[in-house]
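The values are calculated or read from the model by the stated rules, or taken from the named source; none is laboratory data. Everything numeric here is computed off the predicted structure, so don't read it as measured data. All Cβ positions, glycine included, derive from the backbone under ideal geometry; neighbour counts span all protein chains shown.
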Amino acid sequence: MKTLLAEWHGKPQFEDARRIREALVDVLSKHGVEQVNDFLLAASELIVNLTRYPNPKPNQLCLRFSRDEYFWWLELLDDGPSFSNFSQQINHPDLLEAAESGMGLKLLASHFDDISYVPACYREDGMNVMLLRQPIGKGPQLKRVLIVDDDPVWRAVLSGYLEGHYQVIVADSATQAFQLILQDKPDLVICDLKMPEHDGSVLFDWISHIPQVATTAFIYLSGCDDATLIENAVSRPIDDFLHKPVNKAELLQTLARVLLRRQHLTDQIQREVDQKITLGLHPSLPDSIGPFSCALRTIAPESGGGDLVLLRNSLLIFADLMGHGVQAKGFVFALAGYLRGLCAATARQQPDVAELLAQVALGFDDDPVLQETLATITALELGAGGTVRIANAGQPQPVLIRDGEITRIPVDGPLPGLLVDSYQAMELELLPGDRLVLFSDGYLDAAECMPDMMIKQLQYSATLPLGAAADFLMQETLNRSMPQDDLTLILLEKAEH
């Protein structure tokens, strides 16, 4: 059960956003919340977005901060117009443009894995609610089970059976359960069949029409002996039907079997999708490009991958899609197609790498698919004489290794789509034996200073052949910790002759 820790009321205006944010600081500090900056960002952005985009603007808003046994919760309620198709709208730039901090909900989603939205039409109080949550602690999270029963005795019995094995949520009606399913997205629902107002089959039908929750595992648990009602209920694709009374062992075995089967099917579908999407996306480079030797190493920590390497003649483009997994791969397809088309269209003009990034930025601003993409990009023109022209849009700065010295190349620029005419190219002349190292933020974040250990590893790598150096740097990265993001390393070396 959630415990309300603080609640603030106000209007969608900047003054209230500032006031509520300042009050939230004290509450987060008092309760020892680790993710302070995430929640402060969320509070500011959610309220500021309400001041800018809904038409008509809401009259009232309410921000609540709560906790339960497993999560910190931030909820914003408002009485304005609702988002339609929120799962699609969450990345729509017209609605979620950057606010004062320069970050909108698109980036906010990268701070919170769990964001839900329940429009007013699904709530008895007539308020829209945006919910964000972060886990308390870093241990493995138990599966969430929603118990729906109008009998308080059975709710208590089932909760007792599941305590310690699952996160338990309870509802006394189909209406309340529907709201909780949209908010909490449980892994499994145990639902009584015959209840006042709406039967359990009605609840199943409600969620079946909402993509975000349509695949929730669903079990009937009922003492009903109405043959017609039972026949109607089991005509739906539920996962199981249990009869009251049920003992603890039987219930736990059934839940474990249903969830295991669901996970097996999900994994199987995921593998099939991943195999189809992966074809043609694995980054690769030849062993040499003009006077440069090349070595590329890449790893994706899970199915999917958001790193892209594109070579066209002497133009090398290295992009990193924010996020990972299959969703990032889908955007890689879109970005790869766009970049190939752009390179082909501009081949005769041969634009400078800075001009090329400016054109990419225009594409991110105009194209409806790219508008939903957050990417960082480095473009390099590899000259026949050993020169390298570099322009950068948000990627970590490249590293030059020369005579054992490690130098980060100070070439920077904004993310594509934020600003257009803000890219400057830098030209380097690599000497024989020099190495240029490019990497995604899975190796080192763009904002991080390079630690001494990493500098020493780069220095040592310079004593190894290029391929062995790439293997060494990748292995040292894996030895530190398994990367949570896609990791790509590109080493370029000016040949000795």
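Summary table below
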| quantity | calculated |
| --- | --- |
| Within the stretch 221-265, considering residues that are in a strand (DSSP E or B) and not hydroxyl-bearing (Ser, Thr, Tyr), the one nearest to ALA171 (Cα to Cα) | LEU221 |
| Every residue from the stretch 16-31 that is farther than 13 Å from GLU45 by Cα and assigned to a helix (DSSP H, G or I) | ARG19, GLU22, ALA23, LEU24, VAL25, ASP26, VAL27, LEU28, SER29, LYS30 |
| Residue under evaluation ALA177, criteria (1) over 26 Å from ASP113 (Cβ atoms); (2) without any contact (Cβ under 8 Å) to a residue 60 or more places away in the chain, criterion not met | (1) |
| Qualifying positions in the stretch 224-242 - surrounded by 12 or more Cβ atoms within 10 Å (Cβ to Cβ) and either small (Gly, Ala, Ser) or within 40 Å of the chain's Cα centre (by Cα) (or both) | ASN232, ALA233, VAL234, ARG236, ILE238, ASP239, ASP240, PHE241, LEU242 |
| Residues that are surrounded by 19 or more Cβ atoms within 10 Å (Cβ to Cβ) and of a type in the set (Ser, Thr, Tyr), drawn from the stretch 160-190 | TYR161, TYR166 |
| Some residue of the stretch 48-58 being at pLDDT 90 or above and not assigned by TED's automatic domain parsing to the domain that holds HIS165 | yes |
| Selected residue (criterion: farthest from SER481 (Cα to Cα)) from residues of the stretch 441-468 that are of a type in the set (Gly, Ala, Ser) and touching a Leu at 6+ places or on another chain (Cβ under 6 Å) | SER461 |
| Count - residues of the stretch 210-223 that are within 18 Å of ASP149 (Cα to Cα) and surrounded by fewer than 18 Cβ atoms within 10 Å (Cβ to Cβ) | 1 |
| Test set (1) more than 26 Å from TRP72 (Cα to Cα); (2) out of contact with any Asp or Glu (no Cβ under 8 Å at 6 or more places or on another chain); (3) surrounded by fewer than 17 Cβ atoms within 10 Å (Cβ to Cβ) - PRO196 fails condition number | (2) |
| Scope the stretch 14-61; condition within 15 Å of ASN128 (Cα to Cα), over 21 Å from the mean Cα position of the chain (by Cα) and buried (at least 19 other Cβ atoms within 10 Å of the Cβ); matching residues | ILE47, LEU50, LEU61 |
| Failed condition for ALA120, given (1) out of contact with any Gly (no Cβ under 9 Å at 6 or more places or on another chain); (2) under 30 Å from LEU50 (Cα atoms); (3) in contact (Cβ under 8 Å) with a residue 24 or more places away in the chain | (1) |
